[in-house]
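Here the structure comes first, spelled out in structure tokens, and everything after it is commentary.
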Amino acid sequence: MKIVKLLDRISAVVSKVFAYIAACALLFNVVIILANVVLRWFGSSVIGTEEYVSLGEVVLIFLALGYTQYSHGLVHVCFFMKKIPGIGSMLAWTIHMWLASLVVALLVYETAQVIPSVTQVTQSLLIPLQPFYVVLLVGCVVYLIVQLFEAIKCTVGLFNKEIRAEVMENWPA
């Protein structure tokens with residue numbers, strides 16, 4: 001099916017772009033921690049290291065979330081999914097994907113509602129937290145896009161044996 005391959009390609013590109021940004025955040029965290037360790041040898045340290053690292057982790061975690069879902073790196077508890085006879089397992093997996101998409105969509109909605117009212121800053125460096133809420137929102141939107149494409153692929157798999165075989169092959173269980 002052309003539409004499934006197109007959706008897969010879109011989710012791959014979008015998730016990989018943000019995964020590269022997340023990798024840069026990881027590199028930033030490594031450099032700032034290394035600089036802090038080296039400076040402590042000389043009796044000093046980087047002021048606000050904890051804040052830099054924790055904010056870098058927000059960027060890292062939320063921007064890598066979409067790629068982790070795309071590469072099937074998230075943990076799914078589905079012990080008996082493949083043991084359900086016939087198309088029942090595919091139906092159960094499809095329902096699971098749509099419910100997960102709904103939960104993430106609610107998270108995106110609630111985060112978007114909160115962002116305009118965020119006025120907090122970090123304690124020592126007074127870095128505003130609102131941009132990091134935006135990063136959280138962007139990461140969740142990318143995750144939602146990938147999750148929705150997976151749900152669509154599962155729904156198509158209910159009616160197409162080729163897609164069903166592909167989805168079942170990539171099941172984490």
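The values are calculated or read from the model by the stated rules, or taken from the named source; none is laboratory data. Here the structure is a predicted model, which means the values were calculated and not measured. So basically every Cβ, Gly included, is an ideal-geometry build from the backbone, and we count neighbours across all protein chains shown.
Inside the stretch 123-173, residues that are of a type in the set (Lys, Arg) and either surrounded by 18 or more Cβ atoms within 10 Å (Cβ to Cβ) or closer than 16 Å to residue 103 by Cβ (or both) make up a count of 2. Screening 34, 55, 63 for residues that are under 11 Å from the mean Cα position of the chain (by Cα) and at pLDDT 95 or above leaves exactly one candidate, 63.
Residue count for the stretch 24-55 under the criterion of being touching a residue at least 12 places away in the same chain (Cβ under 8 Å) and closer than 21 Å to residue 142 by Cβ: the result is 5. Of the set (1) at pLDDT below 95; (2) touching a Ser or Thr at 6+ places or on another chain (Cβ under 9 Å); (3) within 28 Å of residue 167 (Cα to Cα), all apply to residue 19 but (1). Filtered by the rule that a residue be of a type in the set (Gly, Ala, Ser), in a helix (DSSP H, G or I) and without any contact (Cβ under 8 Å) to a residue 60 or more places away in the chain, the stretch 86-117 gives 88, 92, 100, 101, 105, 112, 117. Quick one: which residue in 45, 89, 71, 117 is at negative phi and loosely packed, with under 12 Cβ neighbours inside 10 Å? Result: 117 is the single residue among 45, 89, 71, 117 that is at negative phi and loosely packed, with under 12 Cβ neighbours inside 10 Å. Among residues belonging to the stretch 66-79 that are β-branched (Val, Ile, Thr) and within 13 Å of the chain's Cα centre (by Cα), point out the one that is modelled with the highest pLDDT. Looking at the filtered set, the residue picked out is 68.
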